[in-house]
Amino acid sequence: MYPEPARHAPAEGAVEVHQPTPLPPAVVAPAPMVAVQPGAVPAVASIVLPDGRVVTGYAINPAQPEPLTANPPVSRAAVNVALGGVGFLAVCGGLLLLTTFITALTALITQLITLAAVIFGGWIAVQVFKPHGHQGGTTVNIRKAIFKRNHFHG
């Protein structure tokens, strides 16, 4: 059902082999010797290595790091003034937001009171100006002597 895998012959192309070319060692010209009289004759130190060889040379003093300055690069007073300014701005911003919130809340409450007054006043106006038709109950007109309840017609 599946085809047989095809066998390929190895490539018959020419293979080039590159060999590294050695470089001649660099010739270091010795520095010219200049006789300089040292200010003070340094002490000569000799060290015996574990294999028995002796190495003699001048001791080199390690470079001393520069002492740290006592004053920081920015004065503490400047840092305190900057932090105080940031704190003052934060307080002012907070107070501004607080007064804005209180103003908005006052306006909301005023509008709610106005809305309640308009709705309640409208309800009262409807009750006052509503036409009064026959509402049932007893009708009494004394001047004309009409009493509907007692059926007296005068």
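The values are calculated or read from the model by the stated rules, or taken from the named source; none is laboratory data. Given the structure is predicted, the values throughout are model-derived calculations rather than measurements. Note that each Cβ is placed from the backbone with ideal geometry, even for glycine, and that neighbours are counted across all protein chains shown. With ligands, DNA and RNA removed, areas are computed over all heavy atoms of the protein, side chains included. Shrake-Rupley method; radii C 1.70, N 1.55, O 1.52, S 1.80 Å.
Ranking of Val81, Val55 by solvent-accessible surface, largest first: Val81, Val55 (1.4 Å probe, protein heavy atoms only, all chains present). Couplings 3J(HN,Hα) for region 113-130, derived from phi with the Karplus relation 6.51 cos²θ - 1.76 cosθ + 1.60 (θ = phi - 60°), are 5, 4, 4, 5, 5, 5, 5, 5, x, x, 5, 5, 5, 5, 5, 6, 8, 6 Hz, where x marks Gly and Pro. A 1.4 Å probe, protein heavy atoms only, puts the accessible area of Thr100 near 80 Å².
Measure off 7 Å from each Cα along the Cα-to-Cβ vector at Leu97 and Thr110, then give the distance between these two points in nanometres to one decimal. With each label point 7 Å from Cα toward Cβ, the separation is 2.4 nm.
The listed residues Arg76, Arg53, once ranked by accessible area (1.4 Å probe) with the largest placed first, stand as Arg76, Arg53.
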